[in-house]
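Only one structure is covered here, and it is reproduced in the block below.
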């Protein structure tokens, strides 16, 4: 069952993506999901925060996504698809 959800759209190069951060009520952590808006296809999904995700930042070379959370964790996620 879906609990909290945060959604934002981002321009990445010439493509537009949607990022969802969600927590399922029957799970332990938060998930970051990357979707391509033009197709609606999910490109990647990451989990690694057990408390709310508070910040997201693309790296300067656009190959990684950095996430920070209330759990005091910083995660670096590969965007290779």
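The values are calculated or read from the model by the stated rules, or taken from the named source; none is laboratory data. Small disclaimer: the values here were computed from a predicted structure and weren't measured. Please note: Cβ atoms are built from the backbone with ideal geometry, for glycine as well, and neighbour counts cover all protein chains shown.
Step by step: first the residues of segment 42-59, then only those that are part of a loop (DSSP other than H, G, I, E, B) and under 19 Å from residue 18 (Cα atoms), then the one that is modelled with the lowest pLDDT. Which residue is that?
It comes out as 52.
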Practice task
Looking at (1) under 17 Å from residue 17 (Cα atoms); (2) free of Cβ contacts under 8 Å to residues at least 40 places away in the same chain; (3) surrounded by 11 or more Cβ atoms within 10 Å (Cβ to Cβ), find the lone condition where residue 77 falls short.
Solution key: (2)
Problem - Of all residues making up segment 25-42, the number that are over 14 Å from residue 9 (Cβ atoms) and either in contact with a strand residue (DSSP E or B) (Cβ under 8 Å, 6 or more places away or on another chain) or surrounded by 11 or more Cβ atoms within 10 Å (Cβ to Cβ) (or both) - result: 8
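Looking only at segment 60-73, count how many residues are at pLDDT 85 or above and either surrounded by 13 or more Cβ atoms within 10 Å (Cβ to Cβ) or closer than 17 Å to residue 9 by Cα (or both).
The initial filter retains those residues of segment 60-73 that are at pLDDT 85 or above, namely 64-73.
Narrowing the set further to residues that are either surrounded by 13 or more Cβ atoms within 10 Å (Cβ to Cβ) or closer than 17 Å to residue 9 by Cα (or both) leaves 64-69, 71, 73.
Total satisfying the criteria: 8.
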